[in-house]
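Sending over a structure as structure tokens; questions will come in a sec.
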Amino acid sequence: MLRAAFVESAKDVEKVLGRDRPLETLSARIYLANSLGLLGPDMRHDLSLIHKIRNEFAHQHAPASFDSEPNASRCRDLRLAELLPLDWPSRSGPRSRFIFTVVILANQLMLRGLSLKHAEPGKDFRFERGS
């Protein structure tokens with residue numbers, strides 16, 4: 001979605017979104033997308049929780065689980081998961097809530113990216129010379 005909002009210069013965009021660049025991290029991208037008005041409050045909330053859950057799995061030395069804290073409570077707080085049908089199997093299970101939210105958010109971000117127009121390159125200064 002961010003790539004779609006930036007100018008059509010893969011080389012320049014890579015300099016901010018690429019590896020070891022200012023917007024490499026998910027948290028930086030969430031803050032930027034939110035600051036640009038590309039996310040609603042619920043999307044931002046759920047993306048932030050997904051980021052925290054992801055980090056819990058990636059950075060723990062002990063095995064992580066959706067059923068253990070703090071992941072279980074974070075999954076209960078996912079707002080988009082409230083859209084799950086009441087008869088959905090394991091509707092209240094933390095893992096189901098997480099997967100459902102990730103799938104819905106990924107689709108929403110992709111669709112929003114497809115509807116965005118690339119930013120126009122900035123205009124240069126034009127100096128008029130006197131006669």
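The values are calculated or read from the model by the stated rules, or taken from the named source; none is laboratory data. None of these values were measured; they are calculated from a predicted model. Don't worry about glycine lacking a Cβ; one is built from the backbone with ideal geometry, like all the others, and counts go over all protein chains shown.
Could you go through the stretch 26-43 and let me know if any residue there is modelled with pLDDT under 90 and over 30 Å from Lys123 (Cβ atoms).
There is no residue in the stretch 26-43 that is modelled with pLDDT under 90 and over 30 Å from Lys123 (Cβ atoms).
For the stretch 83-99, indicate whether the set of residues that are in contact with a Lys or Arg (Cβ under 9 Å, 6 or more places away or on another chain) and closer than 20 Å to Asn34 by Cα is non-empty.
Within the stretch 83-99, not a single residue is in contact with a Lys or Arg (Cβ under 9 Å, 6 or more places away or on another chain) and closer than 20 Å to Asn34 by Cα.
List pairs: first in the stretch 69-87 and surrounded by 14 or more Cβ atoms within 10 Å (Cβ to Cβ), second charged (D, E, K, R) and in a loop (DSSP other than H, G, I, E, B), Cβ under 6 Å, 6+ apart or cross-chain?
Within 6 Å, the pairs are Leu84/Arg91.
While we're here: Inside the stretch 89-116, can you point out the residues that are surrounded by fewer than 14 Cβ atoms within 10 Å (Cβ to Cβ) and either farther than 29 Å from Ala5 by Cα or of a type outside the set (Val, Ile, Thr) (or both)? Outline the logic, then answer.
Going through the stretch 89-116, the residues surrounded by fewer than 14 Cβ atoms within 10 Å (Cβ to Cβ) turn out to be 89-90, 92, 103, 106-107, 110-111, 114-115.
Correct list: Pro89, Ser90, Ser92, Ala106, Asn107, Met110, Leu111, Leu114, Ser115.
Continuing with the same structure: Here is a list of conditions, (1) more than 20 Å from Phe100 (Cα to Cα); (2) assigned to a helix (DSSP H, G or I); (3) among the β-branched types (Val, Ile, Thr), and Ile53 meets all of them except one; can you say which number that is?
Exception for Ile53: condition (1).
Could you give every pair whose Cβ atoms fall below 7 Å, whose first residue belongs to the stretch 39-57 and is farther than 12 Å from Pro70 by Cα, and whose second residue is among the basic types (Lys, Arg), counting only separations of at least 6 or pairs across chains?
Correct list of pairs: Asp42/Arg79; His45/Arg79; Asp46/Arg79.
Here's something else I'd like to know. Given the residues His59, His51, which is the only one that is surrounded by 13 or more Cβ atoms within 10 Å (Cβ to Cβ) and over 27 Å from Ser9 (Cβ atoms)?
Values: His59 fails: surrounded by 13 or more Cβ atoms within 10 Å (Cβ to Cβ).
When all the criteria are applied, what remains is His51.
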